[in-house]
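Novice: Just passing along the structure, written as structure tokens.
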Amino acid sequence: MKTIFCRLTLATVAVLAISHPALAQRGAGLTPDAAAKRWDTEKQLDSIAVIDRKVMMPMRDGVRLATDIYRPRTPGKVPIIWVRTPYNFNYWDVRNGVPSDMTAALTAVKRGYAYVVQNERGHFFSEGNYDILGAPRTDGGDALSWLAKQPWSSGKVGTVGCSSTAEYQMGIAALGNPAYAAMNVEGFGAGVGRVAPYFEQGNWYRGGAVQMLFIAWLYGEQNQVRPMPPKTATQEDLIRLSKSFDLAQQQPPVDWSKALMHLPEQDIIKAVDGPRGIFADPMPVATGGAMITRAPNDPAWYRGGLFHDNMTINVPGLWFMSWYDVSVGPNLATYNYVRKTARPAIANQQWAVIAPTLHCSYTRATDSTVVGERNMGDARLNYNDLTYDFFDQFLKGVHTGIWDTMPKVRYFTMGINKWQTADTWPPRGAQPMTFYLSSAGNANTLNGDGVLTSTAPAADKPDGFSYDPMNPVPSYGGNVCCTGNAVNGGAFDQRKMEARPDILVYTSEPFKAGTEVSGPIAPVIYVSSDAKDTDITVKLIDVYPDGRAYNLDETIQRLRYRNGYDQPLAWLEPGKVYKVALQPLTTSNYFPAGHRLRIEVSSSNFPRFDRNLNTGGHNYDEATGVVAHTMIHHSALYPSSLTITTVNRVLQP
């Protein structure tokens, strides 16, 4: 899928040479040296592994999933590293006429593991109809049981992967299959459904607004009109066929910076001549498809592959996250939930790593890691050794003592640019600090009079702005993935955005002493508007002494859902002021003395989030909107505020 690199993120080609074997084949035109290396890897693999490709693993409903198996030639039973993916893992690079990069399989086999890679149903050589996360969850349980029963299997299976090769793992772990012995989940937010205080249904929403990343992503994933071999094809037939056809679709490129502007939203994929599928169309899957038509608490969200907080995970876990991924807040909430609800022994076998990178870009970190425009310094970790040490402990039973003393949370603090450790998230002893929004009524733009103060102002001098859905605030940097050329993720100087009059800017006094902010950040905004419904956005920013203003995290709230996603819709009435508690933002950032804290408040951040057309209609099926005139109130009666989480420790920049 050349149009978007997001969820596939070749970075994690996969993390650590474990999770995704053949993604490197997507680029044609290998150099002779690269082609020779591919052949050498394949030769090495053939010399040490029993190779069993295009095994059609049966599920309980008769659907078969295409599976490649690589296991050591040595005698005895071995544990399994299992990778399930919607992406192309064909062992032959049909565009270059050489083997794909089989480093992941070779590495696993050398370390004494069987390596098993499998396509979700409805993709490539796997049968059935595709639904996001490879639903039904029973496919995962069936695969685990099948793998555990193989004569060469030790009966212990671990999973690894980033993004779509990770997001299914929690839902399957909740099934309690005894073969599931360890999971390494990386960049896994699209697998998190409802985990308090978040209600994102797998990154589909934030605050009830649609996160548009899935529109661009599903363009390349939802196609179900596809070539398939006949069921009578033998394994030998399929192996031979895969040297000529990898069944990867080659779609026309799309300029998503323009395509995502299309209205109505439900027709965006149709407007670029994309395939029918689960985004907007009813489909023969358990959830029914038509995702864009659902509300946040639609029963369909509970019939697929998502993990929710009425489930329990009792599998040792190694959780990789990153500050500029789509959903680090929900991811950390899920990690904390598992530590709270698992059996005590398993709860103590959960470890988190939080990097300062973009989605699935952990291994791209260097000794001078730049994320967007901001230099994070040396953000490297040896993820490969960390992951295999984890598997050695929980799949092989090799007790090295490493995990007896491993910190439960290892997190990177931006600003001081160093790795830190804690035994909880947020770090133990963290304290809240509250700032209050204030102005003389003119907080519009960077040159306005909006400030963050330690006490709420006595009198209400509200700040007003107009939000026109046909001229939304453009997304600039941020915690994103998967929107093609529409949004570049990471930290960018926001000052040029703050010239817009529809952005309110509130800035604190300079910090007198260095301050670490690590944990949730909770905005509470008092709002009135003449629209029946609108959105409120908040962006958190670190302002340098020279004026540079780097974004840290961002959120949004669709006001119809301000009372809860399982509550009746709450429309606005002109002249009334409403308290809006937005879902928490999350970061770890050190503000040296002289830096300032800033938030931007507006009603759009597009196409990071879809536009509210302000009509009170369904939004997804509308082509016209109305301008909303919105006021942000701040006073003793309406104490709009931002509560950050601070950690008191001695740090030197």
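The values are calculated or read from the model by the stated rules, or taken from the named source; none is laboratory data. All values reported here derive from a predicted model rather than from experimental measurement. Note that each Cβ is placed from the backbone with ideal geometry, even for glycine, and that neighbours are counted across all protein chains shown. Protein only, heavy atoms only, side chains kept; ligands, DNA and RNA dropped before computing areas. Shrake-Rupley method; radii C 1.70, N 1.55, O 1.52, S 1.80 Å.
Novice: Calculate one ³J(HN,Hα) per residue across the range 39-50 by plugging θ = phi - 60° into the Karplus curve 6.51 cos²θ - 1.76 cosθ + 1.60, and present them in order as whole Hz with x for glycine and proline.
Specialist: So the Karplus estimates, Gly and Pro as x, are 4, 5, 4, 4, 5, 4, 4, 4, 6, 10, 10, 7 Hz.
Novice: Sticking with this structure for a sec: Check cross-link reach from Lys149 to the lysines: straight Cα distance under 20 Å, and skip same-chain residues fewer than eight apart.
Specialist: Cα-Cα hits under 20 Å: Lys54, Lys77, Lys396.
Novice: Over the range 585-653, what is the relative contact order in whole percent, taking alpha-carbon pairs under 8 Å and six or more residues apart?
Specialist: Numbers: 20 pairs, mean separation 11.8, N = 69.
Reported relative contact order: 17 percent.
Novice: Normalised by the number of residues in the range 25-163, what is the relative contact order in percent for Cα pairs under 8 Å and 6+ residues apart?
Specialist: 29
Novice: Follow-up question, since we're still on this one. With an 8 Å Cα cut-off and a minimum separation of 6 or more residues, compute the relative contact order for the range 198-330 in percent.
Specialist: It comes to 24 percent, rounded to a whole number.
Novice: Using only the alpha-carbon atoms, how far is helix 138-148 inclined from the longest principal axis of the chain? Give it as 0 to 90 degrees, nearest 10.
Specialist: The two axes meet at around 40 degrees.
Novice: Let me ask something else. Rounded to the nearest whole Å², what accessible area per residue is found for the range 156-310 with the 1.4 Å probe?
Specialist: Counting only protein heavy atoms, the per-residue value for the range 156-310 is 35 Å².
Novice: Enumerate the calculated ³J(HN,Hα) couplings along the range 193-202 in order (Karplus 6.51 cos²θ - 1.76 cosθ + 1.60, θ = phi - 60°), each rounded to whole Hz, writing x wherever the residue is Gly or Pro.
Specialist: 3J(HN,Hα) across the range 193-202, in whole Hz: x, 10, 9, 3, x, 9, 9, 9, 6, x.
Novice: Compute the Cα gyration tensor for the chain, then decide on rounded, prolate or oblate, letting a ≥ b ≥ c be the square roots of its eigenvalues: rounded whenever a/c is under 1.5, prolate when a/b is larger than b/c in the other cases, and oblate in all that remain. Could you put the intermediate results ahead of the total?
Specialist: Working: a/c = 1.96, a/b = 1.53, b/c = 1.28.
Taking the square roots of the gyration eigenvalues as a ≥ b ≥ c, the chain is prolate.
Novice: Once both axes come from the Cα atoms, what is the angle between helix 328-341 and the longest principal axis of the chain, in degrees from 0 to 90, rounded to 10?
Specialist: Tilt relative to the chain: about 70 degrees.
Novice: Tell me the mean residue ellipticity at 222 nm calculated for the chain from its helices only (DSSP H runs of n ≥ 4, each -39500 (n - 2.57), averaged over every residue, nearest 500).
Specialist: When only DSSP H runs of four or more count, the value is -4000 deg cm²/dmol.
Novice: Take Asp237 and Phe511, extend 7 Å from each Cα along the Cα→Cβ direction, and tell me the distance between the two endpoints in nm.
Specialist: 6.5
Novice: If I model a spin label at Asn348 and Val627 as a point 7 Å from the Cα along the Cα→Cβ vector, what separation in nanometres do I get?
Specialist: Result for the modelled spin labels: 6.3 nm.
Novice: Full-extension gain between Ser454 and Asn442, please, as 0.36 nm times their residue separation minus the C-alpha to C-alpha distance.
Specialist: 2.4 nm
Novice: Counting DSSP beta bridges with both partners in the chain, what percentage is antiparallel, nearest 5?
Specialist: 70
Novice: Would you mind telling me the antiparallel percentage of the DSSP bridges in the range 32-184, rounded to 5?
Specialist: 50
Novice: Report, to the nearest whole %, how much of the accessible area of the chain belongs to carbon and sulfur atoms, 1.4 Å probe, protein only.
Specialist: 53
Novice: Of the listed peptides 351-362, 418-429, what is their order by residue-averaged count of other C-beta atoms within 10 Å, with the highest listed first?
Specialist: 351-362, 418-429
Novice: A further question on this structure: What list of ³J(HN,Hα) values in whole Hz, one per residue of the range 474-490 in order, does the Karplus curve 6.51 cos²θ - 1.76 cosθ + 1.60 (θ = phi - 60°) give from phi, with Gly and Pro shown as x?
Specialist: For the range 474-490, the Karplus-derived couplings read x, 5, 9, x, x, 9, 9, 7, 6, 9, x, 8, 7, 9, 9, x, x Hz, x marking Gly and Pro.
Novice: Aspartates and glutamates within cross-link reach of Lys461: Cα-Cα under 12 Å, excluding same-chain residues under 8 positions apart?
Specialist: Asp449
Novice: Using label points projected 7 Å from each Cα along Cα→Cβ, tell me how many nm separate Arg428 and Asp385, to one decimal.
Specialist: Going from the Arg428 label point to the Asp385 one covers 2.7 nm.
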